[in-house]
Amino acid sequence: MSQLGVSPDRLEALHEDFDALAPETFDSPYPIYADLRERCPAAFSRAWGGFWALTRYDDVAAALADPTFITSVQNVVPRLAFTGRRPPLHLDPPEHTPYRRALNPLFSPRRLEALEGPTRAFAVDLLDPILARGHGDICEEFSSHLPVRVFGEWMNLPEHLRTVLREAGRAFNIAVQSFDNEEVKRTSGRLYDMAREMLELRKAEPLDPLADPTSALLAERHEGEPLPEEMILGAVRQVLVVGIIAPTVMIGSICVHLSRHPELQDELRRDPGKLPGAVEEFLRLYTPYRGFARTATQDVEIGGRCILKDEPIALVYAAANRDPAVFEAPDEFRLGRPNIARHLAFGRGPHNCVGAALARLQLRIALEELLSRTAGFELDGDIKPTRCPEIGALSVPLRFHR
Ligand code: HEM
C-alpha cells in the first residue's frame with residue numbers, strides 16, 4: 001500500500017525541477033513559472049516533503065474538472081491544516097455539498113448590496129489617517145485591516161468578537177506568512193475559540209439563515225439530519241480566515257502595479273466605470289493564492305511525468321493565469337481582454353471561491369476610494385513579497401499626492 005505524500009525513496013530518486021524554497025522578490029516567481037510551463041509542465045520540488053506543481057492552464061483546468069483529483073488529503077502546499085478538518089475546503093463532494101448549499105446564498109446580490117455601505121465606510125475610515133499623513137504602508141495600515149472588518153460585518157460578529165478577530169486574524173496571517181507552525185496552531189486555536197463562541201450565540205438565538213453564515217450552517221440539513229456540530233465549528237473557523245489573507249495581498253500587488261503605471265491610475269481615476277474590468281485583469285495578473293493542492297486517487301501521467309496516487313499536486317493558478325496559450329501577452333495588464341472570465345484566480349469546480357463576489361466588491365471599493373481621494377501615489381520604499389501559498393505583496397510603502 002502506498003503511503004500518503006511522496007515516499008522517501010521517490011523523494012531521493014526524483015529529479016528536482018525547481019527549488020520552491022528559493023528566496024523570491026515581488027517579480028521573480030513569474031519568469032520561473034514561464035520556464036516551467038515551457039520546459040516542464042509537471043514539475044517536482046523536494047520542498048515540504050516533496051510535491052508536484054502544474055503550471056499550464058489546460059493541465060490545471062483539467063485537474064479541477066476531474067474527480068480523480070481530490071482535495072480532502074491535502075488542500076494546499078505547504079500543508080497548513082494542523083488543527084482539524086474544516087469544511088468546505090477540506091471535504092470532497094458529496095460530503096462537501098451541504099456546506100456550499102448553506103454558504104452560497106450568503107453572497108447573493110441582495111446581501112452584497114447590504115455590505116457595500118459598510119465596506120465603503122471601513123475603507124474611508126482606514127484610508128483617512130494614511131492619506132492625511134501623506135505616506136504609509138498600504139498593506140500594513142489598510143489592506144490587512146479592510147477584509148477583517150468586512151468579514152466581521154458579513155459574519156454579524158458582536159463587537160467584542162470583532163476586536164478578537166482583528167487581533168487573532170492578524171496574528172494568524174503573520175504566523176502563516178512566517179512559516180511559524182507553532183504560532184499557526186496557537187492562533188488557529190484562538191480562532192476556534194471564537195468560532196465556538198459564535199456557534200453558542202447562534203444556537204441560543206438564531207438569525208436569518210439568508211443573512212447569517214453561522215445560522216445558515218446550523219439550519220442546513222443533510223439527508224434530514226443537522227450537520228455535525230464539530231464540522232459546523234470547522235466551517236465557521238474556516239471562513240474566519242480564508243477570506244482575509246487574499247484581499248490583503250491582492251490590494252498590495254495592485255498598488256505596486258499602479259505605482260509603476262501612473263497613466264493607468266489616471267485612466268481609472270477619469271473613468272471609474274473601468275474599475276470592475278481592471279479588478280478582473282488584476283486578479284489574473286496578480287492571482288494572490290498561488291494555488292491550491294489536490295491528490296490523485298490513482299497514478300496519473302501529466303506532461304510526460306508519472307505522478308503516483310497520494311502524492312501532493314499543487315495547481316499553480318498564478319502560473320496558469322499567465323499561460324500564453326490562453327492569454328495573449330500574458331505578463332501585460334490589458335483592459336478588456338476578450339477571455340478574461342476564464343481566469344482561475346478564484347479556482348474552478350466544486351471548490352471555486354464561494355466569496356468571489358464579496359472579494360470583487362472589496363477590491364472595487366478599495367480602489368474607488370484610494371483613487372478618488374488621491375491625485376497620485378508612488379512607491380516609497382522596498383516591496384516585501386509574501387510567501388507560498390500566497391504570491392504578491394505583503395508590504396508596500398507608498399507616498400500619496402492629494
Ligand atoms: C481576492 C480575494 C480572494 C481570492 C483570490 C480567493 C480565492 C479562492 C480560491 C482560489 C479558492 C479555491 C480553493 C481551491 O481550489 O481548493 C477559494 C475558496 C474559498 N474561498 Fe476564496 N478567495 C478570496 C476571497 C474570499 C472571501 C472574501 C471569502 C469569504 C468571505 C472567501 C471564502 C472562500 C471559501 C469558504 C472557499 C472554500 C470553497 C470550497 O471549498 O467550496 N474567499 N478562494
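Here is how the numbers come out for the structure above:
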item: Global geometry of segment 321-402, whether rounded, prolate or oblate, following the gyration tensor of its Cα atoms and the 1.5 cut on a/c; result: prolate
item: Rounded if a/c under 1.5, otherwise prolate or oblate - segment 8-401, Cα gyration tensor axes; result: oblate
item: Shape of segment 74-182, Cα gyration tensor, a/c cut at 1.5; result: oblate
item: Selection from SER144, LEU64, LEU91, by position along the positive dipole direction of segment 46-150 (Cβ); result: LEU91
item: Stretchable slack from ASN104 to SER7, in nm (0.36 nm times residue separation minus alpha-carbon distance); result: 31.1 nm
item: Beta bridges per DSSP with both ends in the chain, % antiparallel, nearest 5; result: 90 percent
item: Efficiency of FRET from Cβ geometry, GLU183 and GLU116, R₀ 30 Å, rounded to 0.05; result: 0.30
item: Point-to-point label distance, ARG342-GLU16, nm (Cα→Cβ direction, 7 Å offset); result: 3.5 nm
item: Test item: Cα-centred dipole of the chain, Lys/Arg +1 and Asp/Glu -1 on Cβ, debye; result: 520 debye
item: For segment 294-402, share of DSSP beta bridges that run antiparallel, in % to the nearest 5; result: 100 percent
item: Computed label-point distance, nm, for sites LEU80 and GLU200 using a 7 Å Cα→Cβ extension; result: 2.8 nm
item: Computed E for ARG360/ARG334 - FRET, C-beta separation, R0 22 angstrom, nearest 0.05; result: 0.75
item: Label-point separation, LEU207 to ALA65 (7 Å along Cα→Cβ), nm; result: 3.9 nm
item: Surrounding net charge for LEU367, when Lys and Arg each add one and Asp and Glu each subtract one, Cβ distance under 13 Å; result: 0
item: Sequence-separation-based contact order of the chain, relative, with Cα cut under 8 Å and 6+ spacing, percent; result: 27 percent
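Quick note: the coordinates plus some simple rules give every number you see, no bench work behind them. Being a predicted model, the structure only gives us computed values, none of them experimental. Neighbour counts run over all protein chains shown; Cβ positions are idealised from the backbone, glycine included.
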